[in-house]
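Here's the structure we're looking at; comments come further down.
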Amino acid sequence: MPVVAATTSPPAPLDQPGAGAFTLVFTTLPALLRLTCGLVAAVVALAVRTPPVRVGLLVPAVAVLTAWSVWYAVRALRHGATGPLVAGDVALTTAAALAIPWLVAPEVLPGEVSWIAVLASTTVINAQATSPARWSIPAALLVTAGYAAGATAAGNPVEARAHAVTLLVQAGITAVLTAVMRSRIGRADAAFADYQRLAREAAAARAARDAERRQNRDLHDTLLGTLTMVGLGAVPGPSATLRERCAADLRALAALADARSAPAAGPVALDDRLRAALTRLPDLPVTATLAPCVVPAEVAGALADSAAAALANVARHAPGAHATLRLARDAETVVVEVADDGPGFDPTTVPAHRYGLRESVIGRMSTVGGRAEVTSAPGAGTRIRLEWTGGY
């Protein structure tokens with residue numbers, strides 16, 4: 001029973017994504033937090049204006065802080081939370097905290113719920129999330145000191161101590177959380193960079209191997225094939241056929257070199273390529289049935305060269321055998337078949353170092369997403385079926 005050996009080509013298969021995502025999240029959230037708290041604080045601040053609140057100072061302060069909140073959000077979302085933006089936020093919040101005696105009514109100061117308390121918390125949290133610890137920690141201490149001084153000056157040292165502790169805890173927790181996330185994301189990005197480097201190196205090595213295999217296939221199908229026939233005694237003595245074959249081999253190699261340096265061509269007639277391949281084997285009796293067929297140039301080259309390699313194997317290993325070459329198209333599938341009535345062989349016993357079918361036919365078809373199937377058995381001849389599926 002004939003043995004079938006088939007090979008189908010497998011389908012041919014991001015920077016610092018973690019740091020990019022971290023920057024996006026820790027810019028967007030602080031911007032929205034500052035805008036939301038700033039607008040709410042403005043409403044709350046203007047709602048309670050009992051003495052000693054100075055309306056002449058409160059209204060301008062609220063207007064400045066509200067405008068700043070909007071500016072902060074817009075600037076951060078467009079350009080990121082830059083150093084000057086964070087420094088401006090800390091400076092304005094500290095100034096507002098120092099002015100607590102004139103901006104916050106005594107009845108709403110206790111309980112850490114005044115609009116300045118919320119503003120101070122927002123500022124220290126945002127500073128930790130958007131700046132390195134060497135800048136954000138001193139910034140948090142400055143805001144905390146400003147709030148403690150302002151609340152004390154307003155006659156409520158209990159509130160000063162309570163919210164100062166809250167601000168320090170908020171700053172510490174946010175700083176630790178941010179540092180841990182930066183560290184983990186940094187390691188993840190480093191691992192990802194290593195993966196990208198290894199992938200590039202593997203791709204380069206694969207390209208080099210593919211180029212070497214392509215070169216070996218071309219040599220095997222031209223000069224080495226001719227030399228093998230001479231070595232086997234298939235060409236006795238001086239021969240015009242041998243001279244013509246050698247000249248054809250040289251032309252084929254020159255054409256291959258030109259093709260690799262030229263831009264990719266458009267669709268070509270596969271049947272013409274197969275007829276050209278037949279001219280390289282004038283002494284091999286071949287019955288050809290070639291239906292008109294147009295495919296991409298790269299695919300035509302792989303199919304024609306694989307068929308030529310298969311026919312060369314017939315001439316080399318089955319002298320005197322008759323071969324048939326058939327080209328047909330079934331819907332989107334192009335089929336090229338090479339068959340002979342020679343002695344045949346067992347594909348499973350072919351040594352691994354033998355290059356012909358493994359690379360010149362099966363390997364070459366895999367480079368264009370095609371498929372090669374070899375069916376043979378001792379005494380039953382050989383049939384090689386080449387398939388490629390695509391739209392043209």
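The values are calculated or read from the model by the stated rules, or taken from the named source; none is laboratory data. None of these values were measured; they are calculated from a predicted model. Reconstructed Cβ throughout: ideal geometry from the backbone, glycine too, with neighbour counts over all protein chains shown.
Side notes on the structure shown:
- Test: residue 245 is assigned to a helix (DSSP H, G or I), basic (Lys, Arg) and at pLDDT below 80: yes
- When we screen 102, 71, 115 for residues that are surrounded by 20 or more Cβ atoms within 10 Å (Cβ to Cβ), hydrophobic (A, V, I, L, M, F, W, C) and over 24 Å from residue 183 (Cα atoms), the only hit is 115.
- Residues considered: 374, 368, 338. Of these, the only one that is under 15 Å from residue 304 (Cα atoms), in a strand (DSSP E or B) and among the β-branched types (Val, Ile, Thr) is 338.
- Qualifying residues in the range 43-68 (those that are buried (at least 19 other Cβ atoms within 10 Å of the Cβ) and among the small types (Gly, Ala, Ser)) - the one modelled with the lowest pLDDT: 45
- Criterion: over 28 Å from the mean Cα position of the chain (by Cα), closer than 30 Å to residue 18 by Cβ and either at pLDDT below 80 or not hydrophobic (A, V, I, L, M, F, W, C) (or both) - qualifying residue of 225, 186, 172, 237: 172
- Residue within the range 294-303 that is surrounded by 15 or more Cβ atoms within 10 Å (Cβ to Cβ) and closer than 19 Å to residue 381 by Cβ present: no
- In the range 306-329, the residues that are closer than 16 Å to residue 376 by Cβ reach residues that are among the polar types (S, T, N, Q) and not in a helix (DSSP H, G or I) with C-beta atoms within less than 6 angstrom, at least six apart or across chains, in these pairs: 324/287.
- Taken over the range 118-138, residues that are small (Gly, Ala, Ser) and touching a Leu at 6+ places or on another chain (Cβ under 9 Å) amount to 3.
- Contacts under 8 angstrom Cβ, first residue in the range 264-286 being over 18 Å from residue 319 (Cα atoms), partner modelled with pLDDT under 85, 6 or more apart: 267/392
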